[in-house]
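Following: one structure in structure tokens, then a few remarks.
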């Protein structure tokens with residue numbers, strides 16, 4: 001046997017290839033099944049959006065080899081990468097999908113690729129539910145590991161949108177696992193995927209943002225397929241080679257480390273670090289400010305008997321510095337989902353933020369615009385732009401001089417305060433019922449609940 | 001209702017680009033631009049046709065065929081199947097860059113391969129409803145080239161040989177989107193959207209250069225730019241200031257200063273001032289200086305047809321700039337060999353020149369070559385800058401008996417300072433195209449491109465490219 005020098009890249013390939021279902025702990029299984037359910041739900045409701053429909057129109061031009069299901073479109077099938085594309089777009093179309101720390105949206109970049117791939121494999125080699133669950137976790141794990149190579153990845157991003165960077169790699173890894181590629185092919189899948197990664201932050205808060213997840217999952221799938229067909233790429237893609245960037249191209253600081261080989265035990269990152277599930281479809285940062293706004297709204301109601309905007313002189317938001325979510329007067333739903341100001345004022349007016357808060361009618365209502373005009377933004381030094389550390393504070397400066405303040409350090413749904421099973425199922429039901437009848441909704445819940453025991457995982461995809 | 005800014009906001013660079021893409025028309029094309037871009041088109045077709053014989057092309061075609069439907073775009077060199085335009089653009093783009101034989105510009109990128117495949121693929125499916133003339137193709141092509149050049153000028157680091165992102169993957173995607181947007185006759189808003197969406201597809205790291213995946217950078221640039229424009233035409237929108245923001249296209253650069261384009265009233269094209277380099281053998285541009293220096297030096301050692309006595313050579317020193325990804329002392333694959341100063345020097349020394357055949361497995365692994373490679377060293381003089389505008393190559397060969405020979409090349413034949421003659425350009429095309437097309441089709445393409453401005457229906461190119469042997473095609477050209 002040749003003695004191989006362990007490169008970071010080869011350690012990842014070995015992990016992807018060598019990890020087994022036994023390595024999945026109970027905690028990891030449960031958490032990942034929750035993620036799968038939530039991801040399907042947000043994808044289903046996302047299939048009602050305009051951006052999804054544009055993408056679908058486009059993809060149908062290339063409809064041959066149509067074997068993979070599309071969220072919310074019973075009877076329609078597309079080719080696997082395009083199905084992954086549209087479903088990934090659906091998942092992120094409303095910014096309703098899960099968020100992790102370090103920051104990315106892990107599930108939407110992985111699940112659609114796996115669903116699509118599971119349907120393209122011949123009946124004799126369909127992966128079972130446990131294989132599927134393992135592949136999913138490989139895709140999540142690789143994303144988490146890669147983000148830990150850079151300290152700048154810990155904070156809310158400024159340059160490249162993380163799902164488009166690590167998401168593509170995760171999708172490639174997950175697909176490589178599902179397709180049982182050999183070690184070398186796993187390495188090439190990662191390297192090919194790197195050449196398909198990376199989208200700038202400027203398109204966040206626009207209609208194009210969902211494409212970042214759509215492309216991540218689709219192109220990662222593609223990378224794995226190309227690798228399966230023998231395509232080769234750089235064997236050092238994850239390693240740091242000065243003067244010739246590999247994956248390091250996407251980061252200012254990059255210090256890669258090899259993964260421990262899963263010989264005996266591998267601790268998945270998901271064991272120690274859960275995801276956050278959103279309660280309403282907007283950027284994660286909004287969730288702190290909304291909870292803070294709701295609490296100060298209650299204070300005002302107690303104080304004066306009702307919520308009267310006329311009592312309010314100014315609204316002070318204490319938020320971290322992050323340009324793409326600081327929007328005083330958002331003009332579109334995409335901007336509104338990325339606006340501290342909008343979400344705070346909506347929560348003050350309505351007592352909550354929900355799916356309907358982002359319709360044109362709601363975005364442009366006069367009462368809201370009047371409130372928005374009263375908003376001032378402050379960036380306290382201790383409010384770090386980091387999903388593990390940030391907080392949200394809303395202070396109402398009343399006309400009479402009194403100040404009421406609401407604060408939220410940890411919103412319900414954050415990993416420190418996870419959604420209960422009931423809340424998660426409620427969210428799923430509410431989302432899925434937009435496009436599926438009750439019996440189908442319940443059957444998906446049951447399928448995911450028992451994923452490890454499913455003999456043919458493509459049933460999950462075909463049930464959508 | 002809502003809060004609406006009634007005063008017009010100052011124009012952004014992004015908007016400016018969209019306006020120019022939308023507003024440029026054929027009358028803006030100068031003679032020189034037409035002439036230069038036709039040369040680029042011919043060369044690109046030739047290298048693409050040759051490239052359809054490569055392993056990488058074969059793999060991506062296998063992959064793309066799983067999606068072929070009522071597909072209707074030509075796969076160059078193949079009359080046996082067609083592909084949907086997205087995948088046709090992909091595989092043909094891969095073909096163009098498969099051997100690193102395609103054109104190179106300054107600032108550094110491979111401009112044509114990212115644009116031409118997308119335009120040809122799209123024009124074929126649109127041609128059912130609408131005819132595109134050769135002039136339409138020329139205009140769209142030049143817009144695709146121009147946008148790439150303009151974007152690279154937004155960053156100083158783009159002037160040098162790249163280290164982080166492979167330029168075709170960055171600006172090539174944008175160029176493809178711009179060119180496609182023009183062909184689709186998108187309005188200003190959708191042109192802007194095409195650019196914005198394309199940015200989210202752009203970018204691939206340098207590490208995959210010198211691997212089999214590198215050609216995919218061009219293939220993907222072509223395909224993703226095409227996709228972005230198509231999505232924009234369906235109404236998809238992105239960031240309206242994508243070119244203006246550091247977190248937009250600026251994400252790919254460490255220094256980024258976007259600028260406005262010249263006014264349409266008197267538009268000046270970059271291609272007018274700055275030509276491309278056309279390669280004479282399929283390897284990284286940097287190796288062309290090396291090959292020429294070594295060929296000259298070789299004449300001091302032996303008569304042209306004699307072989308070089310390798311045992312008499314003690315040391316070979318190749319003085320080039322620092323270009324990490326072309327510094328490979330012992331390349332193991334054709335892709336590595338195409339990106340190796342050392343390999344180029346030793347091959348040119350052994351054979352007198354480098355050609356398509358120099359990169360076969362047999363040639364890469366021959367013992368005489370390995371012997372010479374082990375005697376070869378690179379040096380990086382401080383004045384040798386890693387920029388295709390400024391670099392030079394000096395090579396010193398020391399014999400066992402102590403005698404030393406030295407030659408230097410500042411400008412190789414094919415560089416923009418010393419462009420290939422029309423004859424030699426056509427010879428290159430002939431040599432490439434005839435590997436997969438008939439003489440008739442080969443001549444047909446040369447003639448079509450030569451007269452592109454007058455061609456009424458540019459889809460004739462597609463018919464030639466797939467290898468149709470039919471006089472019917474020639475008559476479709478409608479030349480006066």
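Okay, here's what the table says:
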quantity: Ranked list, fewest to most other Cβ atoms within 10 Å of each Cβ, for B:136, B:424, A:438; calculated: A:438, B:424, B:136
quantity: Paramagnetic label zone (point 7 Å from Cα along Cα-to-C-beta, residue A:430; backbone N under 20 Å) in segment A:325-343; calculated: A:333-334, A:336-340, A:342-343
quantity: Per-residue Cβ neighbour rank within 10 angstrom, fewest leading, B:322, B:75; calculated: B:322, B:75
quantity: Over segment A:94-140, relative contact order from alpha-carbon pairs under 8 Å, at least 6 apart, %; calculated: 34 percent
quantity: Length-normalised contact order for chain B - Cα pairs under 8 Å, 6+ apart - percent; calculated: 20 percent
quantity: Whole-number Å³ per residue for the convex hull built on Cα positions in segment B:195-250; calculated: 66 Å³
quantity: Chain B: Cα Rg divided by the 2.2 N^0.38 Å rule of thumb; calculated: 0.99
quantity: Mean separation of Cα contacts under 8 Å, 6 or more apart, over the residue count of chain A: relative contact order %; calculated: 21 percent
quantity: Label-to-label distance, nm, for residues given as residue B:406 and residue B:330 (7 Å Cα→Cβ offset); calculated: 3.0 nm
quantity: Residues residue B:62 and residue B:361, FRET efficiency given R0 of 30 Å [Cβ-Cβ distance, rounded to 0.05]; calculated: 0.90
quantity: Principal-axis tilt of helix B:286-301 within chain B, Cα atoms, nearest 10 degrees; calculated: 30 degrees
quantity: Test item: A:224-234 mean partner chain Cβ contacts at 10 Å; calculated: 6
quantity: Between 0 and 90°, nearest 10: helix A:284-304 axis offset from chain A longest Cα axis; calculated: 20 degrees
quantity: Which of B:394, B:447 has the fewest Cβ neighbours within 10 Å, and the rest in rising order; calculated: B:447, B:394
quantity: Additional length obtainable on full extension of the chain from residue A:298 to residue A:409, 0.36 nm per residue less Cα span; calculated: 38.2 nm
quantity: In nm, spacing of pseudo-spin labels at residue B:374 and residue A:272 (7 Å Cα→C-beta vector); calculated: 4.9 nm
quantity: Overall form of segment A:285-408 per C-alpha gyration tensor (a/c, 1.5; a/b vs b/c); calculated: oblate
quantity: Ellipticity estimate at 222 nm from DSSP helix runs (n ≥ 4, -39,500 (n - 2.57)) divided over chain B, nearest 500; calculated: -13500 deg cm²/dmol
quantity: Tensor-based shape of segment B:341-408 (alpha-carbon gyration tensor, a/c under 1.5 rounded, otherwise prolate or oblate); calculated: oblate
quantity: Number of partner chain Cβ atoms within 10 Å, mean per residue of B:162-169; calculated: 3
quantity: Label-to-label distance, nm, for residues given as residue B:272 and residue B:302 (7 Å Cα→Cβ offset); calculated: 5.0 nm
quantity: Segment B:38-141 shape via C-alpha gyration tensor axes, a/c threshold 1.5; calculated: oblate
quantity: Chain A - Rg and Dmax from Cα coordinates, angstrom; calculated: 22.2, 81
quantity: Nearest-ten-degree value, helix B:173-183 long axis tilted from longest Cα axis of chain B; calculated: 50 degrees
quantity: Gain in span if fully extended, residue A:462 to residue A:323, counting 0.36 nm per residue against the direct Cα distance; calculated: 46.0 nm
quantity: From the C-alpha gyration tensor of the protein assembly as shown, square roots of 5λ in Å; calculated: 49, 31, 27
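Since every read-out is calculated from the coordinates, none of them should be taken as a lab result. Every value quoted in this text rests on a predicted model; they were computed, and no experiment measured them. FYI the Cβ positions are ideal-geometry reconstructions off the backbone, even for glycines, and counts take in every protein chain you see.
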